[in-house]
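The values are calculated or read from the model by the stated rules, or taken from the named source; none is laboratory data. None of the values given here were measured: they were computed from a predicted structure. Every residue, glycine among them, receives a Cβ derived from its backbone with ideal geometry; neighbour counts consider all protein chains shown.
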Amino acid sequence: MKSAPRGLGIALATPFTLDGQLDLPALARLVQHTQVGGAQFLVALGSTGEAAMLSSAERDLVVQTVRQHAPTLPLLVGTGASATAQACEFTARAAALGADGALVVVPPYVKPTQAGLEAHFRAVAQAAPQLGIVLYNVPSRTGCALLPSTVQSLWSVPNIVAIKESSGDLLQIGRIAAELPPGKVLLAGDDGLCLATLAVGGAGLISVAGNVVPHLLRQLVDQGLAAPKAAQRLHARLLPLFEALFVEPNPIPLKAALQLLGLGSAVLRLPLQAAQVATRERLRLCLQQLGEGEAMVRTVSQNA
């Protein structure tokens, strides 16, 4: 993936069995669900995938399973870590397992300077020059923001091809879009800010809600790029789901929604715990309202 990913990407959840082990058959079903729904690339081992809860062996199994069941879709693998050496190791391993690119989050917890961030991303890019590197800015989780001036400097690295912007700061998102060099791409990192990001020059979305209703998120991205008025109507329809999926920390509500749809259990690994009853009921109502036919409504009702 030396060319940047565009369109709808889905940050896959990582299903677990009731006893907390990897549920690879459920992961395969989720991959199939997102492919049929129109995903244009997939992301394994992101924040939504609970990557921080997985052992190295489990990380490998997740990547191998996604690659096996989506052999033709571009695959990004989350390879971020607090230590640069570990992020480099994760990134090289992703390349060995057949990934097309790496989604590399700002190092969490350690709060480096902007110079430290630049050195970190340059080192990771050098560790796997055959991969397209996607920067990932999510200060609410990392405690540290990647500033537009640092992003602008990092565009000089040939295999740094895109940024997933989850800062929630529309001024920053607009600044990055305004300064994009040719061939580099801005991706929305929040479902609720997809249209705003596309409007200022974004080229796609890495979605959480796409695990649940991938076909609707594909429509939102396509319409956001080509038919803004229709996209605005679809955004309004999807907004209750976007809000419900973050009423508790991600991926807690997402796991509950996937269970409601029969796409996996609601099991998470500590310190994350299952969604509250009120959250589950809110999700059930959202999914019923989004049902495009009786099939989804029946599925949600049966699993409630």
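Here are the numbers for this structure:
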item: Unique match (being at positive phi and either at pLDDT below 95 or surrounded by 22 or more Cβ atoms within 10 Å (Cβ to Cβ) (or both)) among G262, G291, G210; result: G262
item: Sole residue being buried (at least 22 other Cβ atoms within 10 Å of the Cβ), free of Cβ contacts under 8 Å to residues at least 60 places away in the same chain and outside any strand (DSSP E or B), chosen from I163, I176, I133; result: I176
item: Count of region 181-218 residues which are over 13 Å from the mean Cα position of the chain (by Cα), within 17 Å of S166 (Cβ to Cβ) and in a loop (DSSP other than H, G, I, E, B); result: 3
item: Unique residue being free of Cβ contacts under 8 Å to residues at least 40 places away in the same chain, surrounded by 14 or more Cβ atoms within 10 Å (Cβ to Cβ) and either under 26 Å from S207 (Cα atoms) or aliphatic (A, V, I, L, M) (or both) when the list is A115, A102; result: A102
item: Residues that are outside any loop (DSSP other than H, G, I, E, B) and over 17 Å from F16 (Cβ atoms), drawn from region 245-279; result: V277, A278, T279
item: Condition broken by A230, with the remaining ones in (1) buried (at least 20 other Cβ atoms within 10 Å of the Cβ); (2) at pLDDT below 95; (3) not hydroxyl-bearing (S, T, Y) satisfied; result: (1)
item: Residue in region 1-21 that is modelled with pLDDT under 95 and buried (at least 17 other Cβ atoms within 10 Å of the Cβ) present; result: yes
item: Yes/no for F242 being surrounded by fewer than 22 Cβ atoms within 10 Å (Cβ to Cβ), at pLDDT 95 or above and part of a loop (DSSP other than H, G, I, E, B); result: no
item: Flag for V212 being more than 16 Å from L238 (Cα to Cα) and not acidic (D, E); result: no
item: Lone unmet requirement of (1) surrounded by fewer than 16 Cβ atoms within 10 Å (Cβ to Cβ); (2) in contact (Cβ under 8 Å) with a residue 60 or more places away in the chain; (3) farther than 25 Å from L54 by Cα for R269; result: (3)
item: Within region 75-123, tally of residues that are within 22 Å of V31 (Cα to Cα) and touching a Leu at 6+ places or on another chain (Cβ under 6 Å); result: 10
item: Residue satisfying condition, being over 17 Å from L170 (Cα atoms) and of a type in the set (A, V, I, L, M), within set A203, A226, A199; result: A226
item: Tally of residues being farther than 21 Å from A177 by Cα and either out of contact with any Pro (no Cβ under 7 Å at 6 or more places or on another chain) or aromatic (F, W, Y) (or both) across region 103-121; result: 10
item: A203, sole failed condition from (1) touching a strand residue (DSSP E or B) at 6+ places or on another chain (Cβ under 7 Å); (2) within 27 Å of L22 (Cβ to Cβ); (3) not polar (S, T, N, Q); result: (2)
